[in-house]
Amino acid sequence: MALSPAVSSLLDLPEPGGLCAIHQPNFLPWLTTLAKLFAADYWIVLDDVQFSRRDYQHRTRLAALDDQTRQRWLTIPTHLPHGRHTLVRDAVIDDPQLARRRTAGMLHQHYGVSPHWPALAQALARCWTP
């Protein structure tokens with residue numbers, strides 16, 4: 001089995017005995033996932049599992065700022081070269097430029113009125129350029 005391109009080198013590993021967290025990649029991870037990442041000494045990306053179209057690997061829900069129950073899906077179109085047996089690491093984004101434009105537009109549409117939007121938009125600007 002080939003190692004994932006995300007595998008760490010042995011030189012980057014902390015001393016034995018630390019906290020290990022394992023997580024499947026997902027699009028726009030929740031704050032609990034980020035908390036798990038920052039609390040861990042070891043972070044393992046579990047990308048050698050089957051890609052699931054009904055999961056959060058390529059989509060997320062955006063909630064309206066004024067009504068958290070009003071939600072809309074934001075989905076990154078993907079191509080699965082091996083059909084439903086494609087692993088997460090082998091999934092390919094269809095038309096990355098269009099995906100970037102749509103994602104930027106939907107995030108701005110949903111959260112552009114937030115007082116925190118300017119700081120978020122500045123941080124996300126690096127993601128919009130290839």
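Overview of values
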{"quantity": "Within the accessible area of the chain (1.4 Å probe), percent carbon and sulfur", "calculated": "59 percent"}
{"quantity": "Cα-centred dipole magnitude for region 77-130, charges only on beta-carbon of K, R (+1) and D, E (-1), debye, nearest 20", "calculated": "60 debye"}
{"quantity": "Assigned charges on the beta-carbon of Lys, Arg, Asp, Glu; the chain dipole about Cα centre (debye)", "calculated": "580 debye"}
{"quantity": "Computed helical MRE - 222 nm, the chain, DSSP H runs ≥ 4 contributing -39500 (n - 2.57), nearest 500", "calculated": "-9000 deg cm²/dmol"}
{"quantity": "Mean accessible surface per residue for region 22-96, computed with a 1.4 Å probe while every protein chain stays in place, in Å²", "calculated": "67 Å²"}
{"quantity": "Among PRO118, PRO29, PRO77, residue whose mean-square fluctuation peaks in a GNM of the chain (springs only between Cα atoms under 10 Å)", "calculated": "PRO118"}
{"quantity": "Antiparallel bridge percentage (DSSP; both residues within the chain; nearest 5)", "calculated": "65 percent"}
{"quantity": "Fluctuation leader among VAL45, VAL88, VAL113 - the chain, Gaussian network, Cα springs under 10 angstrom", "calculated": "VAL113"}
{"quantity": "Reference-scaled alpha-carbon Rg (2.2 N^0.38 Å with N residues) for the chain", "calculated": "1.21"}
{"quantity": "Accessible-area order (highest first, 1.4 angstrom probe) of the listed residues ASP66, ASP41", "calculated": "ASP66, ASP41"}
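The values are calculated or read from the model by the stated rules, or taken from the named source; none is laboratory data. Since the structure is predicted, the reported quantities are computational estimates derived from the model, not experimental observations. Heads up, the Cβs are rebuilt from the backbone with ideal geometry, glycines too, and the neighbour counts pull from every protein chain shown. Only protein heavy atoms, including side chains, enter the accessible area calculation; ligands, DNA and RNA are left aside. Shrake-Rupley method; radii C 1.70, N 1.55, O 1.52, S 1.80 Å.
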